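**Q** Have a look at this one.
Nothing in this text is a laboratory measurement; each read-out follows from the coordinates by a stated rule. Given the structure is predicted, the values throughout are model-derived calculations rather than measurements. FYI the Cβ positions are ideal-geometry reconstructions off the backbone, even for glycines, and counts take in every protein chain you see.
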Amino acid sequence: MKKIILLYFLLALPLSAQILPIKVACIGNSITIGAGLADPTKAYPQQAGILLGSGYEVQNFGVSGRTMLKKGDYPYWNEPQFQAALNFKPQILTICLGTNDSKPWNWIYKNDFFSNYSEMISDFRKDNPNLQVYVCFPPPGSANGAGISDSVIHYQIIPIIDSVRKTSNTFVIDFYDQMINDLAYFPDGIHPNVTGHAIMANIVYHTILNSPAGIIRQFSPKSYVFEKGDSVTLYWLTTKNSNSTIDGKGMNDTDSLTVYPTGTTTYTLITNGTVKDTAKVTLQYVHPGIIKSFTVDNPILDKGYHESRILKWATSNGSTVKLNGADVKQNDSLVVNPDSTTSYTLITNGDTSNTSTLTINVLEANTINRALLHVAAASQFVNGYPAAFAVDGDTTTYWQSQVANPQWITVDMKDTYTINRVVVHWEKVFATSFQLAVISEKGDTTKIYSTTNGTGGINDISGLEGTGRYLSLLCTGRNYPTFGYRLKELEAYGVPPAAALVSNRNNIKPAAFSLAQNYPNPFNPSTVIKYNLAAGSFVKLKVYDILGNEIATLVNEFQNSGSHSVLFNARQTANHNQLSSGVYFYRISAVSKSGQNENFIDTKKLILMK
């Protein structure tokens, strides 16, 4: 399979524009962050965002006490907010730094101010050469508080910032001259109050809205990649009276266009206003004959149990496809029931040809690692060392817990097994006391092993007996008390219960839709949610807080009938914010392919406890 390079493009008829919000990043110091305000959301970036409306997304990246100077006492460059602002990938950037640079112990490095300022602008333009940058003249200060010098700001820093404006092709937001008569709104002579921030927000708002004609703020497609017969819609936004053209054709300042390319194509948007601007988009054509995906739900089967597996594939439009020599649809799935290890080869032909092979291994039951590559959840983990590393089949990686005791890791084996052997691979920080348990789908727990004399290394523990879907390792003591546990790999071996000998477990269709209680519950930070589908359905599974705000979307796709499970990690929500302890809810909605009477909706409560 090949990676597809993303690009853009255009052709036919205008549509109503669907411009994404323009991203505005506000960099600055304590003035920007709103230091001293009872409500930090009243800082000028947030107030400017309200004034600009839903067409703009304004983010505040201010940090108190920071300097533009890299040699200053607290350089903004060293703060995580700097990297966060870069990652935000704004279309508009405002920089309001310089106030703290005026302090005498910082301004001794004044010869670096111009180059440092210019370098910051260049860093932001690496990913977006069309970035619109506003350099800000800092607001006036009526008192020389904390070493800040208004005269240095007025007579030295602002002229240098103005030079940066000219040489770096930026625009200016002049807080200084526009607020020289508003010093009453700076109670300490440095930081504005709410009214002062409101004035600053209005200055930002009017400056952005009255930007010179000719600025391209956005030029992007609905999709970067297209296939044979596809159309793509381009969207763009420029400032008023920009005299915009795309490949020489006159266009509205803000509009959209649907195009029908037949190959990789580049389009050029040019403006001719007060300023001249150019942006290009290229759309990548995916030729017929490309294999986009070819997967199997589980590549291992128990010998003698006559189980099935589902092969799924997707290929590019216009492809002719064969699976093990037989003609199949371009995008489809197939249930297979191999009695011995079997390989399946997908071959596509079109403008190009692709081949992909999957092998389903049919093995003796006791030789299969039931934990391998399955969903793992842990009580805690250190960033960069998640629970998944303990079941990835790679002993050079490991799960690392935090220092607190006890710590646990649980693996969902996706089916019920009678476990008779577990192999635990420890790194240098190992459990001197731990226990193993299996847990049923109903939550019944059976302890199958415990020790208070762990020696680390590889613990190959046999002669066990316990039946369940989940294998859990609970650690209660370690050899290095100041470090978290480090588990390289957790292997589980066992056989399906006797009832599975006379039935095909994977082909049993649930009699009804159902949503199970998450396990574990309470949890921290991960938990597993299981549900059954009586028919193939389009499934949405979402998590909400107690106020009904959506926290995460766990599933949003069509799924076949059967039992399903998904991992929810409270540290990996959509907005990248860690959740606080409390009550949350998860809700499933399932609409069957027929769209008739198999619809299913259910909601359950889960508790995050840190």
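**Q** What nm value, rounded to one decimal, do you get for the distance between Asp188 and Lys442 when each label is placed 7 Å out toward the C-beta?
**A** About 6.3 nm, to one decimal.
**Q** Can you list residues from other chains, or at least 5 along the same chain, whose modelled amide H is less than 5 Å from the amide H of Thr67?
**A** Tyr74, Tyr76
**Q** Now, a different point. Multiply the residue separation of Thr268 and Leu373 by 0.36 nm, subtract the distance between their alpha-carbon atoms, and state the gained length in nm to one decimal. Write down the numbers at each step before the final one.
**A** On the way: separation 105, 0.36 × 105 = 37.80 nm, distance 4.58 nm.
Extra length from Thr268 to Leu373 when fully extended: 33.2 nm.
**Q** Neighbour counts of other C-beta atoms within 10 Å: give me Leu554, Leu346 arranged from fewest to most. Each step should come with its number before you reach the end.
**A** On the way: Leu554 17, Leu346 21.
Lowest to highest Cβ neighbour count: Leu554, Leu346.
**Q** List the residues of the stretch 441-470 whose backbone N lies under 15 Å from a point placed 7 Å from the Cα of Val403 along the Cα-to-Cβ direction.
**A** none
**Q** While we're looking at this one, here's another question. Where does each of 407-414, 461-468, 67-74, 297-304 land if you order them by average Cβ count within 10 Å, highest first?
**A** Working: 407-414: 22.5, 461-468: 15.4, 67-74: 20.5, 297-304: 17.0.
Result, highest mean Cβ count within 10 Å first: 407-414, 67-74, 297-304, 461-468.
**Q** Considering Cα pairs under 8 angstrom that are at least six residues apart, work out the relative contact order of the chain and quote it in whole percent. Provide the component values of the computation, followed by the final result.
**A** Values: 1545 pairs, mean separation 56.2, N = 610.
Relative CO of the chain lands at 9 percent.
**Q** Related question: Does anything in the stretch 292-312 have its amide N under 19 Å from the 7 Å Cα→Cβ label point of Thr320, and if so which residues?
**A** 292
**Q** Take the alpha-carbon centre of the stretch 201-216, take the same for the stretch 361-381, and report the distance between them in whole Å.
**A** Taking the Cα centre of the stretch 361-381 as reference, the centre of the stretch 201-216 is 57 Å away.
**Q** Suppose the chain between Arg571 and Ser118 were pulled fully straight at 0.36 nm per residue; how much longer would it get relative to their current alpha carbon spacing? Don't skip to the end; give the middle numbers.
**A** Values: separation 453, 0.36 × 453 = 163.08 nm, distance 3.64 nm.
Difference between extended and current length: 159.4 nm.
**Q** Continuing with this model, one more query. For the chain, what is the calculated [θ] at 222 nm in deg cm²/dmol (nearest 500), taking -39500 (n - 2.57) for each run of four or more DSSP H residues and dividing by its residue count?
**A** On the way: 8 runs with 69 residues, N = 610.
Calculated from helices alone, the mean residue ellipticity at 222 nm is -3000 deg cm²/dmol.
**Q** Under 4.7 Å Cβ to Cβ, no partner at all: give me those cysteines from the chain, in residue order.
**A** So, Cys26, Cys475.
**Q** Below 8 Å, C-alpha to C-alpha, sequence gap of six or more: please give me the relative contact order for the stretch 367-502 in percent.
**A** Numbers: 376 pairs, mean separation 47.0, N = 136.
Answer for the stretch 367-502 is 35 percent.
**Q** Moving on. Dipole of the chain, Cα-centred, from +1 at each Lys and Arg C-beta and -1 at each Asp and Glu C-beta, to the nearest 20 debye?
**A** Values: 48 positive and 45 negative charges, 95 e Å.
Using Cβ point charges on Lys, Arg, Asp and Glu, the chain gives about 460 debye.
**Q** Obtain the nm distance between the two label points defined at Leu547 and Val335 by a simple spin-label model: each point lies 7 Å from its Cα along the Cα-to-C-beta direction.
**A** If labels sit at Leu547 and Val335, their model points lie 4.6 nm apart.
**Q** Follow-up. Among the lysines, which fall within straight-line cross-link reach of Lys166, defined as a Cα-Cα distance under 30 Å, with same-chain neighbours fewer than 8 residues apart omitted?
**A** Lys23, Lys70, Lys71, Lys89, Lys103, Lys110, Lys126, Lys240, Lys276, Lys280
**Q** Turning to a different aspect of this structure: Only helices at least 20 Å long along their axis, Cα-based, and averaging 0.0 or more on Kyte-Doolittle count here, so list those DSSP H runs from the chain.
**A** Working: long enough: 194-209 (22 Å, 1.14).
Within the chain the helices that satisfy the rule are 194-209.
**Q** Below 8 Å, C-alpha to C-alpha, sequence gap of six or more: please give me the relative contact order for the stretch 291-363 in percent.
**A** Values: 160 pairs, mean separation 26.0, N = 73.
36 percent.
**Q** How much length, in nm to one decimal, is gained on full extension between Ile180 and Asn560, taken as 0.36 nm per residue of separation minus their Cα-Cα distance? Walk me through the intermediate numbers first.
**A** Working: separation 380, 0.36 × 380 = 136.80 nm, distance 6.69 nm.
This chain segment gains 130.1 nm when fully extended.
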